[in-house]
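Q: Here it is: the structure, laid out below.
The values are calculated or read from the model by the stated rules, or taken from the named source; none is laboratory data. Everything numeric in this text was worked out from a predicted model, so none of it was measured. Here the Cβ positions follow ideal geometry from the backbone for every residue, glycine too, while neighbour counts run over all protein chains shown.
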């Protein structure tokens with residue numbers, strides 16, 4: 001496949017800017033915000049080739065010039081889409097860092113799941129779901145589905161520019177992130193805390209499930225992310241919340257007691273390697289141990305704010321043992337006064353022998369075409 005020259009030149013320029021401190025999606029966002037005259041088609045093609053490069057760089061010839069490597073990555077991507085079985089386990093294993101099998105199970109199914117172009121999932125707001133027909137037949141219901149508003153978009157529109165998006169009819173949100181909110185199962189009128197809310201994807205889902213009734217506290221250590229959360233909340237017409245910048249390494253920023261607490265903890269992000277392939281080459285093994293320590297600290301602080309009978313949900317978009325089962329095992333063995341909480345049924349989630357689910361622990365996104373890889377565990381305070 002031949003890449004157009006303007007696409008190749010811009011892709012090479014952006015690849016050179018990506019590193020541990022500058023993620024590929026952030027580099028794209030910055031460049032596109034400065035270059036508003038770029039056509040939508042050029043933006044799409046550059047985005048595709050940039051992510052293709054990092055998705056396939058493990059098999060390209062590192063001795064070749066950068067532009068040749070970008071072309072080779074595009075060729076590998078097309079070859080895989082046409083004949084995926086030509087890529088055996090040995091070749092696929094070169095597309096992730098060699099230290100990875102020491103930290104998690106690395107199966108062929110999972111390796112294949114991170115090599116395809118990610119699907120585009122949306123979640124429509126409860127009271128505006130009838131209007132979503134304006135997006136046409138390219139909107140396909142998710143099965144299994146975490147909610148009636150969960151859809152895959154298969155069209156080519158820039159959804160951020162649609163009138164439906166501008167008036168808050170829907171959010172672009174990974175399917176398995178939607179499952180996390182479904183597992184929380186918040187009720188209208190309850191009080192919830194989204195501990196590490198980021199820019200608010202799951203927070204907005206919780207608010208919609210609560211029908212904008214009750215109260216949600218949203219906290220994050222980043223003021224920038226909370227500013228973005230407030231902008232999204234305004235567009236989505238979500239008003240039943242309070243927000244506060246907070247570092248949860250030692251204690252909670254308030255004395256509020258909650259019906260439910262969601263700890264969507266900072267993690268290594270291994271489960272997002274399909275959507276963020278550059279992260280495969282910037283995360284280090286020692287980061288995982290450091291993050292597990294942070295996760296335990298946050299979980300301990302959050303647990304103290306759950307009322308008797310209330311829920312505590314732990315979620316991470318990683319599959320590393322130390323950040324998933326390791327944290328859950330630690331919490332089970334700690335004297336915090338919690339018991340396992342049965343999670344709602346998820347069709348098809350019990351059949352994977354490599355990633356065995358239990359009544360209160362779930363693995364998501366470990367098979368082809370199923371969204372970000374995630375781990376969820378749930379407890380109830382006794």
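Q: Identify the residue in region 125-141 that is at pLDDT 90 or above and under 25 Å from residue 47 (Cα atoms) and, among all such residues, is surrounded by the fewest Cβ atoms within 10 Å (Cβ to Cβ).
A: 140
Q: Do you know which residues across region 299-333 are in contact (Cβ under 8 Å) with a residue 12 or more places away in the chain, more than 19 Å from the chain's Cα centre (by Cα) and over 20 Å from residue 184 (Cβ atoms)?
A: Those that are in contact (Cβ under 8 Å) with a residue 12 or more places away in the chain, more than 19 Å from the chain's Cα centre (by Cα) and over 20 Å from residue 184 (Cβ atoms): 326, 330.
Q: Kindly establish whether residue 187 is over 23 Å from residue 309 (Cβ atoms) and over 14 Å from the mean Cα position of the chain (by Cα).
A: no
So that you can scan it fast, the table gives a plain yes or no per residue for (1) under 25 Å from residue 152 (Cβ atoms); (2) buried (at least 22 other Cβ atoms within 10 Å of the Cβ):
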| residue | (1), (2) |
| --- | --- |
| 174 | yes, yes |
| 196 | no, yes |
| 223 | no, no |
| 228 | yes, no |
| 235 | yes, no |
| 238 | yes, yes |
| 241 | no, yes |
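Q: Give 217, 192 a once-over and let me know the one that is modelled with pLDDT of 95 or more and crowded, with 24+ Cβ neighbours inside 10 Å.
A: After applying the criteria, what remains is 192.
Q: The conditions are (1) crowded, with 20+ Cβ neighbours inside 10 Å; (2) under 19 Å from the mean Cα position of the chain (by Cα), and residue 258 fails exactly one of them. Which is it?
A: Unmet for residue 258, out of (1) crowded, with 20+ Cβ neighbours inside 10 Å; (2) under 19 Å from the mean Cα position of the chain (by Cα): (2).
Q: If you don't mind, there's one more thing I want to ask. Taking region 281-333 only, how many residues are in a strand (DSSP E or B) and surrounded by fewer than 17 Cβ atoms within 10 Å (Cβ to Cβ)?
A: 3
Q: May I pose another question? Quick check on my filter: what residues within region 62-116 are under 17 Å from residue 3 (Cα atoms), touching a residue at least 40 places away in the same chain (Cβ under 8 Å) and either in a loop (DSSP other than H, G, I, E, B) or out of contact with any helix residue (DSSP H, G or I) (no Cβ under 6 Å at 6 or more places or on another chain) (or both)?
A: Matches in region 62-116: 71, 75, 78.
Q: Given the structure, is residue 244 in a strand (DSSP E or B) and either more than 23 Å from residue 381 (Cα to Cα) or not assigned by TED's automatic domain parsing to the domain that holds residue 180 (or both)?
A: Yes.
Q: May I ask you to list pairs of residues, at least six apart or on different chains, whose Cβ atoms are under 9 Å apart, with the first in region 1-16 being assigned by TED's automatic domain parsing to the domain that holds residue 80 and touching a residue at least 24 places away in the same chain (Cβ under 8 Å) and the second being surrounded by 13 or more Cβ atoms within 10 Å (Cβ to Cβ) and assigned to a loop (DSSP other than H, G, I, E, B)?
A: Sorted first by the residue in region 1-16, then by its partner, the pairs are 10/38; 11/3.
Q: How about region 98-109: which of its residues are surrounded by fewer than 16 Cβ atoms within 10 Å (Cβ to Cβ) and within 21 Å of residue 326 (Cβ to Cβ)?
A: Hits for region 98-109 are 99, 101, 102, 105.
Q: I'd like to check something: does region 44-57 contain any residue that is closer than 17 Å to residue 278 by Cα and free of Cβ contacts under 8 Å to residues at least 24 places away in the same chain?
A: Yes: region 44-57 contains one or more residues that are closer than 17 Å to residue 278 by Cα and free of Cβ contacts under 8 Å to residues at least 24 places away in the same chain.
Q: What number goes with the only condition from (1) under 28 Å from residue 279 (Cβ atoms); (2) assigned to a loop (DSSP other than H, G, I, E, B) that residue 342 does not pass?
A: (1)
Q: Right, something else. Sort through 253, 266 and tell me the only one that's part of a loop (DSSP other than H, G, I, E, B), touching a strand residue (DSSP E or B) at 6+ places or on another chain (Cβ under 6 Å) and surrounded by fewer than 22 Cβ atoms within 10 Å (Cβ to Cβ).
A: One residue alone meets the criteria, 253.
Q: Go through region 157-241 and tell me which helices (runs of 4 or more DSSP H), entirely inside it, have 3 or more residues that are more than 26 Å from residue 271 (Cβ to Cβ).
A: Per the criteria, 163-166, 223-235.
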